[in-house]
Each structure stands twice: as structure tokens, then as C-alpha cells.
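Read through the structure below, which is laid out as C-alpha cells, and then see the notes.
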Amino acid sequence: MKFDITVLPGDGIGPEVAAEGVKVLEAVGKRYGHFFKLDYGLIGGVAIDQFGVALTKETLAMCKRCDAVLLGAVGGPKWDDPRAKVRPEDGLLGLRKGLRLFANLRPVKVLPVLIDSTTIKPATIKGIDLIIVRELTGGLYFGKPKKQWQTTRGRKAVDTLSYSEKEIERILRVGFELARSRRKKLTSVDKANVLESSRLWRQIAIELSQDYPDIGLQHMLVDACAMRLIQRPADFDVIVTENMFGDILTDEASMLAGSMGMLPSASLAGIPKAGEKTFGMYEPIHGSAPRRAGQNIANPIAMITSVAMMLRHSFGLIREAETIENAVNDVLEQGYRTYDIMEEGKTQVGTKEMGDMVAERVA
Ligand code: IPM
Ligand code: MG
């Protein structure tokens, strides 16, 4: 089969890890007889340098035409001035909104071979297999008003946490559907003891649960969830939450897996159902790590497993996705590590070497 993919490597380590993702994708294509047509575009700081904006209309149009988008990372100190009119992150947010990618899936698994490489006790993280579903196009990131202004008593700023019933319902459905294909436990995370938007969220979750009598729905306040994630993480199956809570909880959850460099993500424009294809954008959850850029040390595994998620969710290529995930596991089992997951007695390798080894095992 033939698939059109837009690749947006971005800033910092983005291009380095994206190259390894593409390497593995091409190995899969060769092995299973698929053709992946790749079109490259600029996003983030590199787009600001070249065009003055983090995402051009042309790049957005290119993404709208293709079957899936693969993204590296955006941002860096060069573009970090808080007074700047444009920032790299605008590119990412513009893509999420422009492509209507409302559902962000961030799975967290602890590979048995990495159980000793995290800062948390092995007994606590044993058996973790959870997925965080983060709402991606609403809440504080996009709510209006959103501004800074001068008053007679000094400067003021406001951000708005706003959600419509429709927005809440569709993301909760993603949570329910995923739970149905897994262990049938859904934790809806909110701050209903304080926020009005959370009280609506919780009400809708309760109403929707009528449609999903087979799913055990549990509500949890976001602060309690942050605590539970390091106290008893293996208890979770699917977590569903609003944009900002999801941003924070997924960084926390990534540490369960040993490193941000291990976690992939999918941002989807529809409700993922087994056997159906959904348009999406795929990216590692880590950032552009400017201090690691250009040194061939970054961990490309999150990018490589993001490619696997693309094959699974946007192209329906389940066997191909599993081939990649197994190849990653094999490389780790054979003792190879990037610096971020390095342990005594293992062999440290660079970005390219890690990509080569995964690609070889896919081929
Ligand atoms: C993420 C990142 C982004 C976010 C930034 C880069 C805008 O932290 O994808 O989690 O906050 O959503
Ligand atoms: Mg984040």
C-alpha cells in the first residue's frame, strides 16, 4: 500500500530523532512492501527563522492533504524571549488546532528490561500498562480571553479554561472506547472540587457511562492523581483528562518508564476504534532538548515507537507496528542503551546507532 506522510523534524534534537524514525519506517516499508511517500516541512523555530512564523499556511495545507504527520520537536533558547511575538510552540498548537487533533494518546509501559533504570522502586512500577488520553484542542491552551495588559495598578494577565459539552463528550468517548479494548477501567481526572469546567466534565462522564455499562468509571481529582501515579501506578488502565492536566501528568508518568525519551504519542482527529483508520500526528512526548542537539546522543526510541503508533492508528498496519515494538525490545534486551537510560554493564550507543539497530531488526 502507499501512504503520504508529512515529516516536520522541527528544532533541537527533532531532526536527529526524526531521521531515525524515518529509517525504521523505510525498513518496515521494504519488509512488508509498502511505499511511504515523505514530504518534508519546517515547523517551530526553524520556520520562524525562515518565514517569520512557526507554521506557514502552506505547511498546514500540506499536512491536511496527507495521510499522517510525523513531528520531531519544537523550541529552543534562541526563540525563548517572553516578549517575542511569535514562538516555536505556536507552530505545534496551530497544527493541533488546524488539524482538529483533539485526542492525544500517551501510552506508558514499563518494559521489563528497563525496570531498574528508573528512579522508582521496581516493585512499584512492575506491570505498569496505562494510557493517558489528553484533550488537546481546548482548555487553557486555547480559551479566550487570553491576554496581558497594563492597568493603573500594574500589569495583568488572563488565560481561560473553557470547554463545551461537545468537546468534553468526544474526548471522554475516546477514553471509554480505549478502555473497552483494554482492561475496562477508566479514570476521569478533573478538579471538580474547585473548577466549574471540571464539574461539567464530571457530569458528562457520569451521563456517558450509561452507554458503557461494561466500563468501570472512576473520578479522581488531579492532585490525587499526581500522587497515585507514583504511589500505585499499576492500578491505572485508561486516564482521560483536560489539556493542561494532561500535559503535566504525562511528564510525570514518563518518569515511570525511565525517560521522556521512551514515550511516543498520537494526536488523533477521531475516536480510535479497532480496525479503523484515523488521521493523526505522531510525535515523541519529549521536547527539543537543545543542550543535547547535534551530538548524536538523544534517544530516538520515542520517535521510533511514535512511527509504530502511526502505522497502527492511521494506516491500520498492526503487524508492522508490532514488528517495530518488538525490534526496540530486542535491542534493549541485548543490552544497548542511549545515555538517558544507561545502566552499569550495558553498552551505550548514540542516536544513529540505536536507529540502525532497530532498523536492522525490522528488516
Ligand atoms: C507537550 C508539550 C507542549 C504542550 C508544548 C511544547 C507546547 O509540552 O506536547 O506536552 O504543552 O502541549
Ligand atoms: Mg508537555
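In table form, for the structure just shown:
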read-out: Pair list, Cβ under 8 Å, 6 or more apart: the range 279-295 residue hydroxyl-bearing (Ser, Thr, Tyr), other residue within 12 Å of ligand 2 (Cβ to nearest atom) and assigned to a loop (DSSP other than H, G, I, E, B); value: Ser288/Val74; Ser288/Gly75
read-out: Test for Val69: is it crowded, with 19+ Cβ neighbours inside 10 Å, of a type outside the set (Ser, Thr, Tyr), at pLDDT below 95 and more than 16 Å from ligand 2 (Cβ to nearest atom); value: no
read-out: Hey, Thr118 among the polar types (S, T, N, Q), in contact (Cβ under 8 Å) with a residue 60 or more places away in the chain, away from ligand 2 (no atom under 16 Å from the Cβ) and touching a Gly at 6+ places or on another chain (Cβ under 6 Å) or not; value: yes
read-out: Given (1) in contact (Cβ under 8 Å) with a residue 12 or more places away in the chain; (2) more than 30 Å from Lys273 (Cβ to Cβ), number of the condition Lys346 does not satisfy; value: (1)
read-out: Filter pass, Ala302 being over 13 Å from Asn104 (Cβ atoms) and buried (at least 24 other Cβ atoms within 10 Å of the Cβ); value: yes
read-out: Conditions (1) assigned by TED's automatic domain parsing to the domain that holds Ile128; (2) more than 14 Å from ligand 2 (Cβ to nearest atom); (3) among the small types (Gly, Ala, Ser); (4) more than 21 Å from Lys126 (Cβ to Cβ): number failed by Ala266; value: (1)
read-out: Residue satisfying condition, being of a type in the set (Gly, Ala, Ser), part of a loop (DSSP other than H, G, I, E, B) and within 16 Å of ligand 1 (Cβ to nearest atom), within set Gly246, Gly287; value: Gly287
read-out: Qualifying residue in the range 190-212 (condition: of a type in the set (A, V, I, L, M, F, W, C) and within 16 Å of ligand 1 (Cβ to nearest atom)); value: no
read-out: Boolean, Arg100 is assigned to a loop (DSSP other than H, G, I, E, B), basic (Lys, Arg) and under 25 Å from Lys64 (Cβ atoms); value: yes
read-out: Residues satisfying the stated conditions in the range 346-363, i.e. under 11 Å from Gly335 (Cα atoms) and of a type in the set (Val, Ile, Thr); value: Thr347, Val349
read-out: Test result for Ala293, in contact with a Gly (Cβ under 6 Å, 6 or more places away or on another chain), within 16 Å of ligand 2 (Cβ to nearest atom) and among the small types (Gly, Ala, Ser); value: no
read-out: Which listed residue is within 30 Å of Gln231 (Cα to Cα), touching a helix residue (DSSP H, G or I) at 6+ places or on another chain (Cβ under 8 Å) and in contact (Cβ under 8 Å) with a residue 12 or more places away in the chain, from Leu93, Leu70, Leu60, Leu136; value: Leu136
read-out: Hey, Tyr32 more than 14 Å from ligand 1 (Cβ to nearest atom), touching a helix residue (DSSP H, G or I) at 6+ places or on another chain (Cβ under 6 Å) and at pLDDT 95 or above or not; value: yes
read-out: Qualifying residue in the range 220-229 (condition: assigned to a strand (DSSP E or B) and at pLDDT 95 or above); value: yes
read-out: Hits in the range 19-57 - residues which are basic (Lys, Arg) and without any contact (Cβ under 8 Å) to a residue 60 or more places away in the chain; value: Lys37, Lys57
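The values are calculated or read from the model by the stated rules, or taken from the named source; none is laboratory data. Quick caveat: nothing in here was measured; it's all calculated off a predicted structure. Glycine gets a Cβ as well: all are built from the backbone with ideal geometry, and neighbour counts include every protein chain shown.
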